[in-house]
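Below: one structure, written as structure tokens.
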Amino acid sequence: MQQKIAVLPGDGIGPEIVAEALKVLDCLRQDHGLAVETEPGLIGGAAYDETGTPLPDATLALAKAADAVLLGAVGGPKWEPLDYAVRPERGLLGLRSELQLFANLRPALLYPQLVAASTLKPEVVSGLDILIVRELTGGMYFGTPRGVRLNDQGLREGYNTLVYTEAEIRRIGHVAFTTAQKRQKRLCSVDKANVLECTELWREVMIEVSRDYPDVSLSHMYVDNAAMQLVRAPKQFDVLVTENMFGDILSDCAAMLTGSIGMLPSASLDQHGKGMYEPIHGSAPDIAGKGIANPIATILSLAMLLRYSLGQTAAADRIERAVSAALDQGYRTADIYSDGTRKTGTAAMGDAIVAALRLDRSA
Ligand code: NAD
């Protein structure tokens, strides 16, 4: 049976960058015989405008029935005055929790062609290849009780709950260890076990899980130190695993090591390897509609989708080679541009990658 990808462009630059990923997919279908079909759906602000909810039932049904989901980005100033329950971001969080996508894989890989685009010194970042495994459906972002209340002195107080069961920790632990097994077999678990009981349990359970993976070396680091080490000496890491909020922050930090948030893909997986794939950046309302957004994070998200959920490793490799070839040829969107390279818009970058894909076939 033909595999199906649910395609959810979303808001802001979402439709522009997803269009380029679809060009790449079309090329793989036409030139390389990839048998994959796509079906579009509404999410985020675009869905709210049309249906009154950021996650329509039809989109949820489409995402559940598909083999994988490719998402652009959601959100923007237009929808900020809305109630939290119908904000675009709720559509995304709802989809993650409905599909039980508990494991977020965020590679931070620095292409040698882009060493100059990083804000860090070349010797600190060149050759960088790390992977952050972030727990995605637990922790503070979902814990209850939560809210803002009046305390005994009549002052407003905000409160959230950091909570993890050992089963939740164990399940993300297994993903992190098996991922590390496929790389350099070094896993660093990030916590704040000196202050937070919840992450003390995190550390204990990670140690328990490690007994199933004697070939992977496990280390532990407090989150504040991990943030410092990521900018001081990031190449010491292979795979990092951490809870939801720490992972949110550390992965954006790791993203900047590579020069631009516009380069980095991500995968969010369920227990069975089904997943949603999206660039790690948001909808970039400041540049939406200008045709200058970098589509590479989305195109690399498609490569991850083909590799992790559809088992199409050769197609994934082809995309990654084509991105590298386009960079070799000097094509750069504004966010990664430097003197001596060719400044390129969103569509032209997509075209350059498709052209490289076509050449790869004839090679
Ligand atoms: P953002 O990631 O959208 O943008 C941050 C900066 O990076 C901006 O200057 C933007 O122009 C730039 N940028 C982002 N992607 C780029 C690309 N592909 N090419 C070139 N430059 C790029 O973050 P933000 O500004 O904090 O948020 C904007 C909106 O996106 C908000 O509504 C936020 O809630 C939403 N958001 C959505 C997601 C998601 O859909 N997964 C993630 C983060 C933020």
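The values are calculated or read from the model by the stated rules, or taken from the named source; none is laboratory data. Keep in mind the model is a prediction, meaning the values are calculated, not measured. All Cβ positions, even for glycine, are placed from backbone atoms using ideal geometry, and neighbour counts span all protein chains on display. For the accessible areas, the whole protein counts, side chains as well, though only heavy atoms, and no ligand, DNA or RNA atoms are used. Shrake-Rupley method; radii C 1.70, N 1.55, O 1.52, S 1.80 Å.
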Scan segment 137-146 and tell me whether some residue there is at negative phi, assigned by TED's automatic domain parsing to the domain that holds D248 and exposed (fewer than 12 other Cβ atoms within 10 Å of the Cβ). yes
Criterion violated by Y213 - all others in (1) of a type outside the set (V, I, T); (2) farther than 21 Å from T161 by Cβ; (3) within 25 Å of the chain's Cα centre (by Cα); (4) open to solvent by less than 70 Å² (accessible area, probe 1.4 Å) satisfied: (3)
Contacts under 6 angstrom Cβ, first residue in segment 182-199 being under 17 Å from D212 (Cα atoms), partner open to solvent by 20 Å² or more (accessible area, probe 1.4 Å) and not in a loop (DSSP other than H, G, I, E, B), 6 or more apart: R186/S217; L187/L218; C188/S219; C188/M221; S189/H220
Enumeration of residues in segment 84-106 that are open to solvent by 50 Å² or more (accessible area, probe 1.4 Å) and assigned to a helix (DSSP H, G or I): Y84, A85, E89, R90, S97, E98
Considering only segment 1-56, state which residues are under 23 Å from the mean Cα position of the chain (by Cα), under 16 Å from G94 (Cα atoms) and more than 16 Å from the ligand (Cβ to nearest atom). P56
I'd like the full set of residues that are open to solvent by 70 Å² or more (accessible area, probe 1.4 Å) and touching a helix residue (DSSP H, G or I) at 6+ places or on another chain (Cβ under 9 Å), limited to segment 189-210. N194, E204, E208
Run A267 past the list (1) part of a helix (DSSP H, G or I); (2) more than 8 Å from the ligand (Cβ to nearest atom) and report the number of the one that doesn't hold. (1)
Only one of (1) over 17 Å from the mean Cα position of the chain (by Cα); (2) away from the ligand (no atom under 12 Å from the Cβ); (3) open to solvent by 10 Å² or more (accessible area, probe 1.4 Å) is not met by F246, so which one is it? (1)
When segment 271-291 is checked residue by residue, the ones that are open to solvent by 30 Å² or more (accessible area, probe 1.4 Å), more than 16 Å from the ligand (Cβ to nearest atom) and out of contact with any strand residue (DSSP E or B) (no Cβ under 8 Å at 6 or more places or on another chain) are Q271, H272
Odd one out for L162 among (1) modelled with pLDDT under 95; (2) more than 20 Å from Q271 (Cα to Cα): (1)
Take segment 63-90 and flag every residue that is under 17 Å from the mean Cα position of the chain (by Cα), touching a residue at least 60 places away in the same chain (Cβ under 8 Å) and within 11 Å of the ligand (Cβ to nearest atom). L71, G72, A73, V74, G75
Kindly check whether there is at least one residue in segment 234-248 that is outside the structural domain of E16 (by TED's automatic domain parsing), aromatic (F, W, Y) and without any contact (Cβ under 8 Å) to a residue 40 or more places away in the chain. no
Quick one: D224 ticks every box in (1) buried (at least 20 other Cβ atoms within 10 Å of the Cβ); (2) part of a helix (DSSP H, G or I) except a single one, so which number is it? (1)
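Here is a yes/no grid of residues against (1) within 14 Å of the ligand (Cβ to nearest atom); (2) surrounded by fewer than 23 Cβ atoms within 10 Å (Cβ to Cβ); (3) under 21 Å from the mean Cα position of the chain (by Cα); (4) free of Cβ contacts under 8 Å to residues at least 40 places away in the same chain:
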residue: A293; (1), (2), (3), (4): yes, no, yes, no
residue: L300; (1), (2), (3), (4): yes, no, yes, yes
residue: S309; (1), (2), (3), (4): no, no, yes, no
residue: Q312; (1), (2), (3), (4): no, yes, yes, no
residue: D317; (1), (2), (3), (4): no, yes, yes, yes
residue: R321; (1), (2), (3), (4): no, yes, yes, yes
residue: A326; (1), (2), (3), (4): no, no, no, yes
residue: D351; (1), (2), (3), (4): no, yes, no, no
If a residue counts only when it is of a type in the set (G, A, S) and surrounded by 18 or more Cβ atoms within 10 Å (Cβ to Cβ), which strands (runs of 3 or more DSSP E) contained entirely in segment 1-80 have at least 3 such residues? 68-73
Among the listed residues Y277, Y337, identify the single one that is of a type outside the set (D, E) and modelled with pLDDT under 95. Y337
Select from segment 275-300 the residues that are in a strand (DSSP E or B) and hydrophobic (A, V, I, L, M, F, W, C) and list them in ascending order. M276
Failed condition for V231, given (1) surrounded by fewer than 19 Cβ atoms within 10 Å (Cβ to Cβ); (2) within 14 Å of the ligand (Cβ to nearest atom); (3) hydrophobic (A, V, I, L, M, F, W, C): (2)
Kindly establish whether D317 is part of a helix (DSSP H, G or I), more than 27 Å from L101 (Cα to Cα) and modelled with pLDDT under 95. no
